[in-house]
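Take a look at the structure set out below.
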Amino acid sequence: MKRIFGNLTGLKPSQLRRIESLGRRRTSPRELVSPELAAEAARISREIRRQIGLLLDRQGRIQALTVGDSRRIVIPASEDERPAPGRLRGLRCVHTHLDAEPLSREDLTDLALLRLDLMAAIAVSPEGEPAEVFAAHLLPANAERLPHRLLDPLPPDRLDIDCAAMIAALEGELERVVRGRAAAAAPERALLVGVSSAPRRESEESLRELEALTRSCGLEIVGAMLQLRETPDARTLVGSGKLHDLAIQALQEGATLLIFDQELSPSQIRSITDRVALKVIDRTQLILDLFAQRARSREGKLQVELAQLRYLLPRLTGRGTAMSRLAGGIGGRGPGETQLELDRRKVRRRIQLLEKALEEVRRHRSQLRLRRARRRLPIVSIIGYTNAGKSTLLNTITRSRVLAESRLFATLDPTSRRVRFPQDLEVILTDTVGFIRNLPEELRVAFRATLEELESADLLLHVVDMSHPRFEEQMEAVEDILAGLGLEGKPAVRVFNKADRVDPEEARALCRRHGAIAVSALDPQTLRPLIAEILRRLPRPQPVVVDTPP
């Protein structure tokens with residue numbers, strides 16, 4: 001046995017020795033638990049008036065023992081790797097119930113969250129003898145959507161239910177389900193979770209946006225859950241009941257990843273991952289991963305890495321032992337730094353290096369802006385919500401081939417093109433990274449050098465996807481970010497894109513209401529009013545006067 005967990009205070013030395021002796025016993029792989037071990041656990045449990053739990057591996061060896069109170073036990077968090085899709089934990093929990101009740105809701109929740117092979121409860125009689133043994137196991141996907149199966153109560157002397165064969169058959173069925181669904185699937189299968197106190201329509205739209213972000217990352221979505229509640233659970237956001245349902249759904253759908261639509265605190269991530277055998281990320285980390293996939297230039301890669309490290313630093317946590325530093329004499333540091341402290345030191349050092357590199361980028365950009373100012377070329381910057389059609393508009397106006405895809409954040413690195421408009425006006429047209437609601441603060445800071453380009457722009461083209469059902473909220477989100485950058489007073493033209501997807505009368509009414517110009521970025525003929533407005537709004541370059549000798 002590896003370790004005894006739980007509250008051992010108040011126990012006599014003789015009782016502790018008897019508890020420790022339980023951990024040295026063995027059970028046949030066929031048995032749920034040996035009758036002798038069940039009887040001894042029941043007697044000790046009745047004597048100390050506390051529940052006792054045993055975690056057994058598939059060879060029948062006791063890997064851990066936990067002592068609870070009269071009503072429950074706490075199963076220790078496993079430091080092993082998470083089970084692969086279609087696999088269980090490889091451990092079964094057998095524990096005592098002093099009031100002789102069957103498996104509780106909490107027992108079945110732990111069965112699901114921890115992906116245990118089996119969960120069993122030994123009903124202890126008032127005389128300290130095992131009365132009946134109740135057991136349950138998880139179920140793969142089924143027509144009735146049942147999460148688990150409750151076995152018939154077992155007599156304490158007949159516990160040979162051929163556990164090894166039962167678990168092997170169960171895992172075989174789970175693996176067949178996962179293989180069938182993942183035949184042509186992405187490596188990661190995601191289950192999306194939204195928790196919100198906002199109105200349902202707004203919450204559903206946010207979850208749909210999370211779905212688009214997830215697909216843009218190349219992940220497969222196997223399900224989504226939205227919970228509307230006034231106050232999110234402080235520890236797990238969704239509460240233990242919903243977490244149980246998510247664990248069951250993840251198991252039956254073969255999910256490997258939980259993605260939350262809200263930003264999770266470090267303690268919430270720890271609480272959820274301690275209870276669910278899945279990888280857990282939040283909206284911020286998903287966006288950071290997406291940016292990491294899309295960054296191509298050295299500057300973009302530096303910015304994304306800096307944002308990722310700033311997000312990671314407060315979320316570095318240790319497992320098991322505390323991070324105490326025991327003083328070893330005057331000025332001493334005891335046993336030295338833990339691995340966690342070393343990791344934090346490396347991250348901080350890397351952040352400093354990235355900040356210096358990006359400061360060089362800012363200086364270089366500042367020099368480029370000075371050169372442009374000397375040439376007296378007007379600068380027009382295209383801004384807008386992600387996937388609004390900014391890169392397509394740049395390509396159509398300048399006849400270039402900047403990457404333009406119907407995916408969120410297809411463009412990360414800013415692109416500038418020189419274009420000559422009618423009346424012999426030469427302009428620098430710049431495409432920028434798309435904005436999004438709740439843009440992570442780490443990304444705002446990291447992309448400061450890119451967004452500073454907007455400060456030197458003479459005119460902003462705010463591109464809006466007018467065919468989107470909530471385009472007004474997207475438009476407000478972009479304007480809020482501009483206000484945060486101190487650019488709310490910058491001259492701007494609202495460009496309502498994708499007008500070909502909207503009824504013409506409705507499009508004209510929307511443009512009148514918002515003072516916008518309707519275009520279809522794919523059709524050059526629709527851009528003439530926009531170009532005329534750009535020419536009207538741009539300052540005319542002053543001719544350079546050169547003194548000539550008489």
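At a glance:
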item	result
J(HN,Hα) series, the range 214-224, from Karplus relation 6.51 cos²θ - 1.76 cosθ + 1.60, nearest Hz, glycine and proline x	5, 5, 5, 7, x, 9, 9, 9, 9, x, 9
Most to least packed among 105-118, 341-354, 296-309 [average Cβ atoms within 10 Å]	105-118, 296-309, 341-354
Over 23 Å between alpha carbons, listed pairs Lys279/Lys301; Lys301/Lys498; Lys356/Lys390; Lys390/Lys490	Lys279/Lys301; Lys301/Lys498; Lys356/Lys390
Which of Asp465, Asp523 has the fewest Cβ neighbours within 10 Å, and the rest in rising order	Asp523, Asp465
Residue order, fewest to most surrounding Cβ atoms within 10 angstrom, among Leu11, Leu54	Leu11, Leu54
Residue exposure sequence - Tyr385, Tyr311 - by fewest surrounding Cβ within 10 Å	Tyr311, Tyr385
Debye equation applied to the C-alpha atoms of the range 473-540, log10 I(q)/I(0) at 0.15, 0.16, 0.23, 0.27 Å⁻¹	-0.58, -0.65, -1.11, -1.21
Spacing of the two label points (7 Å from each Cα toward its C-beta) at Leu313 and Asp424, in nm	5.4
Approximate spin-label separation Lys301-Arg176, in nm, with each point projected 7 Å along Cα-to-Cβ	4.7
Cut-off under 5 Å, modelled amide H: who pairs with His97 long-range	Ile122, Ala123, Val124
Cα gyration tensor, the range 189-290 - rounded (a/c under 1.5), prolate or oblate	rounded
Reach of Lys12 by Cα under 29 Å, taken over lysines that are not fewer than 8 positions away in the same chain	Lys2
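Quick note: the coordinates plus some simple rules give every number you see, no bench work behind them. Values in this document were obtained by computation on a predicted structure and should not be read as measured data. Note that each Cβ is placed from the backbone with ideal geometry, even for glycine, and that neighbours are counted across all protein chains shown.
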